[in-house]
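Encoded as C-alpha cells, the structure appears first; notes follow it.
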Amino acid sequence: MSNYVIHADQKLLATLRAYYKDALSDRLPAGALFAAKRPDVTITAYRSGKVLFQGKAAEQEAAKWMENHTAPENKQKDQNRAKTTALSEQELGSLSAIGSDEVGTGDYFGPIVVAAAYVDRGHLDRIAALGVKDSKQLNDETITRIAPTIMETVPYAVTVLTNAEYNRWQQSGMPQTKMKALLHNRTLAKLIDDIAPIEPEAIIIDQFLERNSYFRYLEDETRIVRERVHCLPKAEGVHVAVAAASIIARYMFLAEMDKLSRTVGLPLPKGAGAIVDEAAAQLIRQQGVGALETCAKLHFANTKKALDIAKHS
C-alpha cells in the first residue's frame, strides 16, 4: 500500500474536511481529527497537522493538496523530481527512457493510435542505426520496413482509440487534447507494467500540451504515471525512444487503416483533404451516412463536405 503525507494548516484542514465530507468515517485512529475513505485511497488528518494518504491513488490524491504543504518525508522525492526536470535535452537523450507519441489525430478516417517504447542506454546506438526518426519524416514504405525490427528489439505498448469510441468521447464534450492525455497515460502505464521491475530514468512525451495542463486532464484517472515525466516539443529529436514510438504508432495506424478499408470495401485515404471528402461521399452513397460512424471522426468538417458532395452527385 502506498503512503503519502502532507502537512496542513488549520485552513487547509477545514478545506479537506469539507472536500471529503461525503466519505467521512466514524472510526478514527488515536490523535485523528477526521478520516475519509474512498475506493482507492484513505485520508486521515491528525491534530498535529499531518495528513496521511494511503492506497493505490495516494500520491495522486495528495498531489491535489501538496503545493506549499509538502511534508519533510516527501522533500527528497520533490528534490529528485526537480533534478530530473532540470536535465538538459542532451542529458535526457543519453538516459534509459520511455518515449511516447500519437498519430491519427488529424486524419478524418482511422483511429488515434498512441505508442510508447522503452530504449535502454545499451540500445541507443543500435536503434538509431536502424534509421529511426520522426515518422513524419519517413514514407509509409520505410515505416513498414523498419517498424517490425524496432518492435522485435525494444519493449513497446500500443493503445488504439477506435472511431466509434472517439465519436462517443467527442460527443460527450471531451476535447481531443484530453483524449490524447488519457491515451498516453494508459499506454505508459501498460509499458511500465510490462518492463517491471526495470524503471525508466525518464519518460518523454512528444508535447501536445504543457505538462501542468496534461496532468490536469488526468485528475479523474485512477492511475496516473507522474514520476520523471517530461513533455517536450519535437521530442523525437531529444530521445530515440520517442522516434521509435512515433514509427510504431504510424505502423499500427497504417494497419488499422487497411483493416477499416477492407471492412467498408473502399480504400480510405489518409489526411483530411479533398480526396477524403470524395471518399466519404462515395461511402455515403454506397452505404449511407451511418457507415461513417465506425471509420471516421464525425465532427471534422469533412463530414459536411461529403454530405454536400453526395447530395449533389
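The values are calculated or read from the model by the stated rules, or taken from the named source; none is laboratory data. Quick caveat, the model's predicted, so the values are computed rather than measured. As a convention, Cβ positions derive from the backbone with ideal geometry for all residues, glycine included, and neighbour counts pool all protein chains shown.
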List every residue pair whose Cβ atoms sit under 6 Å apart, with the two residues 6 or more apart in sequence or on different chains, where the first one lies in the stretch 302-313 and is closer than 12 Å to Val276 by Cα and the second, anywhere, is part of a helix (DSSP H, G or I) and among the small types (Gly, Ala, Ser). Asn302/Ala280; Ala306/Ala280; Ala306/Ala281; Ile309/Ala281
When residues of the stretch 187-214 are filtered for being touching a residue at least 40 places away in the same chain (Cβ under 8 Å) and under 12 Å from the mean Cα position of the chain (by Cα), how many remain? 9
Evaluation of Thr142 against (1) within 14 Å of Ser246 (Cα to Cα); (2) of a type outside the set (Gly, Ala, Ser); (3) not in a helix (DSSP H, G or I) (one fails), failing number: (3)
Out of the residues in the stretch 273-307 that are over 12 Å from Phe109 (Cβ atoms) and buried (at least 18 other Cβ atoms within 10 Å of the Cβ), which is nearest to the chain's Cα centre (by Cα)? Lys305
From the list Val225, Val238, which residue is assigned by TED's automatic domain parsing to the domain that holds Leu95, surrounded by 13 or more Cβ atoms within 10 Å (Cβ to Cβ), in contact with a Gly (Cβ under 6 Å, 6 or more places away or on another chain) and among the β-branched types (Val, Ile, Thr)? Val238
State whether the residues of the stretch 102-118 include one that is at pLDDT 95 or above, of a type in the set (Asp, Glu) and not assigned by TED's automatic domain parsing to the domain that holds Ala301. yes
Checking the structure you have, find out if any residue of the stretch 44-61 is at pLDDT 85 or above, under 27 Å from the mean Cα position of the chain (by Cα) and of a type outside the set (Phe, Trp, Tyr). yes
